[in-house]
Structure formats: structure tokens, C-alpha cells
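Quick notes on the structure that follows.
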Amino acid sequence: MASHNTNSQVLATRPFLITFSGIDGAGKTTQIEHLSKFLQEHGLRVLRLSFWDHVAAWSKMRAGVGDRAAGSSHADPGAKASLIPKNNKHIRTWYLTVARAGFYMLDAARLRRLLSRQELRSADVIIFDRYIYDQIANIYSHSLAARIYGKILLKRTPAPDLAFFLDASPAAAFVRKPEYPLEFMFQNRRSFLRLRELVPELIVIPDAAPEDVRSEICFHIRRSRIAECNSTEGKTEVHGGQRSSPSAELL
């Protein structure tokens, strides 16, 4: 699935990589939890990572810069934590765009180093909550400069084995998670859909009921090489004192 350039050594040594992208409130966390459980039940060792928490360079500082640009840092002490934007990505100014472009290059370098770590190789599958695609969507546009930058960033980023974009109605997602303005939610969704111009292997999962989304994700899992490896290697793993064996249902 890797259409953009990657470090061959990293790809040869890292686990099977799955990423979930999408607008806030699209249901990524719910689907990641379900997929993690599904794979673990089939004897696979799963490691879940968050791009913002485990990869993003100086994430706290970046959030603070966004707060100052928005003029909203701790402006409403009574606001619910779930309604406070994590990084104010909806704030669009020329200087923040330039800063983000630099930070995203650092993120790509940190991601390569993370995936090359020896301790990660004990996992069979790594699932990322967000990926570099979400970063590009924050600044992507039809401009030539944005397209060139996106291509450069993708060349520096390890390509996942499966990359999912969970499509969702911005209005419905806003009801579930109203951190960002509704107008930005619509704009962010359009940016994600345009990303397929640069990343044709990005799998768009249509907006649907959670169970239908799960079925679509599992369909792609069963068609991937992780299903073949799971069936041929016959891996087993101890979960809570009980050994689980791979099931033919994964195929």
C-alpha cells in the first residue's frame, strides 16, 4: 500500500501499521477500541498510539501558541474539558501556517524514529489514532505550494499498511464533539477528502452506523497481509492467563 517513499529498513522491521484519520467526532476512538479487541482476540499483540501524544514535537508548546493566537488561553475556566480545543488547529493565520509546516516536518522525523525503536517490534500491530494525514489536512488547499509541501512531507513519512479515513457528517460530529467551530468541521472534512489526490491509498470509510463502519474496517483487515500472516504463522498469545489462538474468522 505504500505509494509514497519510505525508509526500507523501517518497513522491514516494524509491525503492521494501521492508522485512523478524520474530523473530530467521527468515531475514531470507538472504532480503534473495537479493532484492537478484534485483533487481540485473534492472538495478535496490539499497540495503540496517539499521534498527538506520542509523536507530535513539543505538543504542549504548540497548544499554547494556538491558545495565544486565538486569545482563548484559559479564557473560560468554567468550560468543560471536553469542549476545549487541544491545539486550536482551526485558527488560520499565515504565521501559524508557517510554524505548523515546520513542526510537521519534525513530526515526520520523530515518527520515523519511533517506528524504528526495538521495543515496538514486540507488537504485531500498531494502531495510530491520527497520523501525518491529519496534520496535512490542517493546512492543505488547492494551492501549488500546499500540494508540493504535502508531497514532500509524505516522502518523509513511513506509509501505513492500512490507512483509514472515517468520513462523517460535520453537523453530527459537531454534536458529539463540539470542540471546534462547525464551519471549520466542514472545511476540515473537505481537506481530508482532497487528500486522496496525494494519497490514493487512503481508504475512505463512508459515514454509516457504527456497526456498519466496523464491518467495512474488518473487510479491509481480512484482505490485508496481516490476515495471511495470522493464518500461516499460527501465533498465540496469553491474555489474562488464558492462551488464545488465531481464528479462521480473521480470514
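Give me the number: length gained by fully extending SER215 to ALA99, i.e. 0.36 nm times residue separation minus the C-alpha to C-alpha distance, one decimal in nm.
37.8 nm
With 25 Å as the limit, write out which pairs from LYS37/LYS155; LYS37/LYS151; LYS89/LYS155; LYS37/LYS60; LYS37/LYS89 have Cα-Cα distances beyond it, or answer none.
From the list (LYS37/LYS155; LYS37/LYS151; LYS89/LYS155; LYS37/LYS60; LYS37/LYS89), the Cα-Cα distance tops 25 Å for LYS37/LYS155; LYS37/LYS151; LYS37/LYS60; LYS37/LYS89.
Which order do the peptides 166-179, 16-29, 201-214 come out in when sorted by mean C-beta neighbours inside 10 angstrom, highest first?
Ranking, from highest mean packing down: 16-29, 166-179, 201-214.
For the stretch 8-214, with the dipole built from +1 on Lys and Arg beta-carbon atoms and -1 on Asp and Glu ones, taken about the Cα centre, which of ALA109, SER191, HIS42 lies farthest toward the positive end?
The one lying farthest along the dipole's positive direction is ALA109.
With r as the distance between the Cβ atoms of ALA208 and ARG110 and R0 = 45 Å, compute the FRET efficiency 1/(1 + (r/R0)^6) and round to 0.05.
Efficiency at R0 = 45 Å is approximately 0.85.
If you take the beta carbon distance between ALA57 and PHE186 as r and set R0 to 45 Å, what does 1/(1 + (r/R0)^6) give as a FRET efficiency, to the nearest 0.05?
The formula returns an efficiency of 0.95 here.
Pick out, from THR29, TRP94, VAL125, the residue whose Cα sits farthest towards the positive end of the charge dipole of the stretch 8-214, with +1 on the Cβ of Lys and Arg and -1 on the Cβ of Asp and Glu.
TRP94
Tell me, in nm to one decimal, what length is gained between GLN118 and VAL175 on full extension, where the rule is 0.36 nm per residue of separation less the Cα-Cα distance?
16.4 nm
None of the figures in this text is laboratory data; all of them are computed from the coordinates on show. Nothing here was measured: the structure is a model prediction, and the numbers come from that model. Every residue, glycine as well, gets a Cβ built from its backbone with ideal geometry; the counts of neighbours run over all protein chains shown.
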